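What follows is one structure encoded as structure tokens, with my remarks underneath.
The values are calculated or read from the model by the stated rules, or taken from the named source; none is laboratory data. Computed from a prediction, not measured in an experiment: that's the story for all the values here. Every residue, glycine as well, gets a Cβ built from its backbone with ideal geometry; the counts of neighbours run over all protein chains shown.
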Amino acid sequence: MTETAAEARTTAAPAVNPPMAMLAELTHRCPLSCPYCSNPLEMAAREAEMSTGQWADVFREAAALGVLQLHISGGEPASRRDLEDLVAAARDADLYTNLITSGIGLTERRLRALEERGLDHVQLSLQGVDAAMTDAIGGYRGGYARKMQVAEWVTAIGFPLTLNAVMHKRNLDRLPETIELALRMGARRVEVATVQFHGWAAVNRAALMPTREQAKRAREIVDEARERLKGVLVIDYVPADHHAKFPKPCMGGWASTGLNVAPDGQVLPCHAAHTIEGLTFDRVQDRPLGEIWEQGAAFNAFRGFGWMQEPCRSCDRRAIDFGGCRCQAMAFAGDPAATDPVCSKSPHHAALAAAAEADSAVTDAEMTYRVTPR
Amino acid sequence: MTSPVHGGPALGDTVLDDRARPALLRGVRTKFDTVRKIWVLLAPERTLKLDQIGAAILAEVDGERSFAEITATLAEKYNAPADRIAKDARAFLVSLIERRMAEARP
């Protein structure tokens, strides 16, 4: 076989399984301005957002395609006044409906309305274990108090609650308190999610990159807590991969299990895919979702194994980690088809590890906050 | 007959008494996936594909009937030894309880 990467990108990939999950970014607007926001640096303006009816169509298309779980996100999804109608549309399409929120913009009345519309689960973000840290990271005074209030309403209504605790250099030392707080808040699950360095977080590497020691300690704390809290609190852990030896199995393999719809209708294989130069994204307004999933250029760019280069192509871990993260390959190797530089087999690994080491040692970096779109 | 839980669950300290009434927690439900033609269990941030046994067990779990009643029903329905059914059903339900998808009501 002398197939080149360019050819692989225009060739239909082998058997395409239907997607399991869809992330619906209703809006890029958000009252918070976290310096690690997963939204793109260039955000969609309010006028570009899809209407209630357009989103409802997308939900029906997604369900027919095989999507089982819908993650309603943003920005802050509660910034959409039609959130309640959108949840109703998702449940009408028979999707399991998860609301990913900062809590800001939710009231007890809105939460009760969401319960009536059939919302299944709430995932609440947590920036710290106290007001000082939470409000400083979110750039929103009163945010912590509001989140605690929202969590009370959520659990009083009876929704299952997951806390998404985003961890980095500045708050990783307080991981044990984070887990205790999740218990006190009545959460069923907590995601200990170390910042992934794309988009806004990449701008803030020096302020947020954890130290190797922090990453190692976090793993120990999570392992101990998982055992102790079995049947009480489920702990998901996303490690700091810049200190790892092998890359994460990003997205479970490109375009294999999930897709992301941006506020303006663009369909992406992952929420950071816009950082990859040369990819073009179809919009749900222009093309059926199923066709985008199966035939879209961005989806087939790195699907399967045909696009891989060495050392991935002949690696016995290629079906374990799928070559890692394409966005990280783009950012550090300058080639989205390269091996994720987190991998110790990548020729760029030493440079990535050195950069992580250097950034983690910085103690006085200013944070650049995200800017909300019009 | 294969176990509904692959890899074998760690039983830990979780116990599921014969008289306890297992129930799925709120936000956890089964669905027949008409695209893949399989039963799935939908839960917060998780989708589990159910094999026939898993689906059969959860079809009986209603928070009202005891574990003993459920296994007796399954043994009769599928004409299988009750102790074998109980072993499989207990391992499966305990794994769900430990993952906060189900509970054992007294």
Notebook entry, point to check: So which pairs qualify, if the first residue must be in the stretch A:109-125 and within 14 Å of another protein chain (Cβ to nearest Cβ) and among the acidic types (Asp, Glu), the second must be crowded, with 16+ Cβ neighbours inside 10 Å and assigned to a strand (DSSP E or B), the Cβ gap must be under 6 Å, and the two must be at least 6 apart or on different chains?
Noted result: A:Asp120/A:Tyr96; A:Asp120/A:Thr97
Next item on the list: State all residues of the stretch A:132-190 that are among the basic types (Lys, Arg), more than 14 Å from chain B (Cβ to nearest Cβ) and buried (at least 16 other Cβ atoms within 10 Å of the Cβ); if no residue qualifies, say none.
Entry: A:Arg146, A:Lys147, A:Lys169, A:Arg170, A:Arg174
Next item on the list: Could you list all residues from the stretch A:101-125 that are outside any loop (DSSP other than H, G, I, E, B) and within 16 Å of A:Gly143 (Cβ to Cβ)?
Entry: A:Thr101, A:Leu124, A:Ser125
Margin query: Test of understanding: among A:Arg219, A:Arg212, which residue is closer than 22 Å to A:Leu126 by Cα and surrounded by fewer than 23 Cβ atoms within 10 Å (Cβ to Cβ)?
Written below: A:Arg219
Notebook entry, point to check: Taking the stretch A:68-78 as the region of interest, how many residues are within 13 Å of A:Val261 (Cβ to Cβ) and facing another protein chain (nearest Cβ under 9 Å)?
Noted result: 1
Next item on the list: Sort through A:Leu41, A:Leu26 and tell me the only one that's of a type in the set (A, V, I, L, M) and modelled with pLDDT of 95 or more.
Entry: A:Leu26
Next item on the list: Show the residue pairs that are 6+ apart or on different chains and have beta-carbon atoms under 8 Å apart, the first residue being within the stretch B:42-58 and within 20 Å of A:Thr97 (Cβ to Cβ) and more than 9 Å from chain A (Cβ to nearest Cβ), the second being assigned to a helix (DSSP H, G or I) and not aromatic (Phe, Trp, Tyr).
Entry: B:Leu48/B:Gly54
Notebook entry, point to check: In the set B:Glu69, B:Glu98, which member is within 14 Å of chain A (Cβ to nearest Cβ) and in contact with a Lys or Arg (Cβ under 9 Å, 6 or more places away or on another chain)?
Noted result: B:Glu98
